[in-house]
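Read the structure below first, then the notes.
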Amino acid sequence: MATTPDTVLKDLKARKYAMVYFLQGDEPYYIDLIAGILEQEVLSEDQKSFNLTIVFGKDTNVSTLLQQAKKFPFMAERQVVIVKEAQELDITKEQNEKMLMAYLEKPVPSTVLVFCYKYKTLDARKALTKTIEKHAVLVNSKKLYDSQLPEWIKMYLFAKGYKAKPEALHMIAEHIGNDLSRIANECDKMLINITPDTVIDDTLVEKNIGISKEYNVFELQKALTQKDVLKANRIIQYFSSNPKNNPLVVILSSLFTFFSKILLVHGSEDKSESKLASLLQINPYFVKDYTSAARAFPISKTISIINDLYEADLKSKGIGNNSTSEAELLKELIYKILH
């Protein structure tokens with residue numbers, strides 16, 4: 001059956017295991033998390049030597065894989081077979097599909113077979129996909145929208161017994177971007193240094209994750225709204241001197257999201273705080289930032305800036321640009337936004 005990562009994680013916590021898992025999608029975080037739990041917790045340490053098999057898609061084939069899956073465990077209730085990088089395993093060939101479908105319809109009850117099919121999804125119209133949906137646990141691990149990241153970080157920290165202020169959540173999301181594995185790793189490193197009764201704020205984020213409280217995209221957006229040319233240029237100079245920690249693609253993505261939301265504010269007839277918070281999918285705490293920005297950037301200017309962002313993105317990828325550096329592209333973009 002098709003299900004969500006959270007549902008599977010609840011079942012795993014209760015030690016309820018299925019016979020076949022097919023983990024697919026463009027968000028690797030949940031695929032790695034679920035497969036990791038199955039690898040670590042289904043078998044005891046002394047059972048793993050003979051009953052845990054990990055293979056990579058490019059190094060095996062469907063016939064060999066199913067032969068392993070059909071074996072019985074040795075001195076254990078179950079065996080676990082995990083196929084990492086399963087997108088490299090050619091399961092869509094007709095003969096391979098038939099073999100796999102036959103196994104799915106009658107899997108070995110003592111085997112937990114796990115496919116980690118990253119960055120891709122099977123065609124939902126195909127017989128194989130329908131068979132997986134009917135006889136296995138099918139998980140679609142989708143990338144989160146940028147607007148969903150602060151809430152995800154909030155719940156991730158809450159699950160570990162911590163609370164965080166909205167500005168801290170947005171600072172993490174803006175700085176790291178849409179990479180759940182990296183967000184989780186950075187949060188875990190931060191939590192090592194603080195106690196559960198500590199409310200995480202932007203100062204703690206700055207200190208423990210290495211994000212500058214003064215020089216980040218969040219502060220750049222404020223400087224642009226306030227038309228603070230000096231501060232905006234100081235921030236982009238900092239970005240340009242630290243390109244590894246401040247990649248242009250992340251900056252452009254954040255600015256595009258920011259100005260797209262300003263455009264939504266302009267288009268909304270109801271400009272109450274609750275309505276705009278719902279429309280923009282943000283914490284009400286931040287609504288005032290977007291209403292202020294909408295006053296600073298009329299709708300015609302906002303549309304023009306979005307076009308400028310699109311052009312800068314193309315140039316950053318080498319389209320229509322042979323020599324301009326990323327630092328110069330960013331400097332030119334900020335000039336256009338402010339003038």
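The values are calculated or read from the model by the stated rules, or taken from the named source; none is laboratory data. Here the structure is a predicted model, which means the values were calculated and not measured. Using ideal geometry, Cβ is built from the backbone for each residue, glycine included, and neighbour counts are taken over all protein chains shown.
Considering only helices (runs of 4 or more DSSP H) fully contained in the stretch 1-52, which possess at least 3 residues that are within 23 Å of the chain's Cα centre (by Cα) and under 24 Å from LYS143 (Cα atoms)? Reasoning before the result, please.
Working: elements: 5-13, 28-41, 45-51.
Fully inside the stretch 1-52 and qualifying: 5-13, 28-41.
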Worksheet item: List pairs: first in the stretch 65-85 and farther than 10 Å from LEU113 by Cα, second among the hydrophobic types (A, V, I, L, M, F, W, C) and in a strand (DSSP E or B), Cβ under 6 Å, 6+ apart or cross-chain?
Response: ARG78/VAL112; LYS84/PHE56; LYS84/CYS116; GLU85/PHE56
Response to the item:
Those residues of the stretch 239-256 which are more than 21 Å from ASP289 (Cβ to Cβ) and out of contact with any Leu (no Cβ under 7 Å at 6 or more places or on another chain) amount to SER241, ASN242, PRO243, LYS244, ASN245, PRO247, VAL249
Discussion item. Condition first: over 31 Å from the mean Cα position of the chain (by Cα) and part of a loop (DSSP other than H, G, I, E, B). Now tell me which residues in the stretch 93-113 satisfy that.
Written reply: LYS106, PRO107, VAL108, PRO109, SER110
Worksheet item: Does any residue in the stretch 307-332 that is modelled with pLDDT of 90 or more come within less than 9 Å, Cβ to Cβ, of a residue that is surrounded by fewer than 18 Cβ atoms within 10 Å (Cβ to Cβ) and aromatic (Phe, Trp, Tyr) six or more places away or on a different chain, and which pairs are these?
Response: LEU309/PHE256; TYR310/PHE256; ASP313/PHE256
Worksheet item: Which ones in the stretch 224-235 are surrounded by fewer than 20 Cβ atoms within 10 Å (Cβ to Cβ) and either of a type in the set (A, V, I, L, M, F, W, C) or touching a residue at least 12 places away in the same chain (Cβ under 8 Å) (or both)?
Response: THR225, GLN226, LYS227, VAL229, LEU230, LYS231, ASN233, ARG234
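Taking the residues in the stretch 68-89 that are in a loop (DSSP other than H, G, I, E, B) and out of contact with any helix residue (DSSP H, G or I) (no Cβ under 6 Å at 6 or more places or on another chain) as candidates, determine which candidate is surrounded by the fewest Cβ atoms within 10 Å (Cβ to Cβ). It would help to see each step written out before you state the result.
Here is the first cut: in the stretch 68-89, the residues in a loop (DSSP other than H, G, I, E, B) are 70-78, 85, 89.
This time we only want the ones that are out of contact with any helix residue (DSSP H, G or I) (no Cβ under 6 Å at 6 or more places or on another chain), so: 70-72, 75, 77-78.
Details: LYS70: 13, LYS71: 14, PHE72: 11, MET75: 9, GLU77: 12, ARG78: 18.
Among those that are in a loop (DSSP other than H, G, I, E, B) and out of contact with any helix residue (DSSP H, G or I) (no Cβ under 6 Å at 6 or more places or on another chain), it is MET75.
Can you go through TYR162, TYR145, TYR119 and tell me which one is aromatic (Phe, Trp, Tyr) and crowded, with 17+ Cβ neighbours inside 10 Å?
TYR162
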Worksheet item: So how many residues does the stretch 280-323 have that are crowded, with 16+ Cβ neighbours inside 10 Å, among the β-branched types (Val, Ile, Thr) and either touching a Lys or Arg at 6+ places or on another chain (Cβ under 8 Å) or farther than 17 Å from SER253 by Cα (or both)?
Response: 3
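Would you confirm whether or not the stretch 260-271 contains a residue that is surrounded by fewer than 18 Cβ atoms within 10 Å (Cβ to Cβ), part of a helix (DSSP H, G or I) and of a type in the set (D, E, K, R)? Steps first, answer last, please.
Within the stretch 260-271, the first condition is being surrounded by fewer than 18 Cβ atoms within 10 Å (Cβ to Cβ), and the residues that meet it are 260, 263-264, 266-271.
In the following step, the residues that additionally are part of a helix (DSSP H, G or I) were identified as 260, 263-264, 266-267.
Retained after the next criterion (residues that are of a type in the set (D, E, K, R)): none.
No, because not a single residue in the stretch 260-271 is surrounded by fewer than 18 Cβ atoms within 10 Å (Cβ to Cβ), part of a helix (DSSP H, G or I) and of a type in the set (D, E, K, R).
Out of the residues in the stretch 189-208 that are of a type in the set (A, V, I, L, M, F, W, C) and more than 13 Å from HIS170 (Cβ to Cβ), state the one that is surrounded by the most Cβ atoms within 10 Å (Cβ to Cβ).
Residues of the stretch 189-208 that are of a type in the set (A, V, I, L, M, F, W, C), as a first pass: 190-192, 194, 199-200, 204-205.
Imposing the further condition that a residue be more than 13 Å from HIS170 (Cβ to Cβ) reduces the set to 190-192, 194, 199, 204.
On the way: MET190: 21, LEU191: 17, ILE192: 7, ILE194: 14, VAL199: 11, LEU204: 17.
The extreme case among them is MET190.
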Practice prompt. Identify the residue in the stretch 230-250 that is touching a helix residue (DSSP H, G or I) at 6+ places or on another chain (Cβ under 6 Å) and among the hydrophobic types (A, V, I, L, M, F, W, C) and, among all such residues, is nearest to THR324 (Cα to Cα).
Written response: LEU248
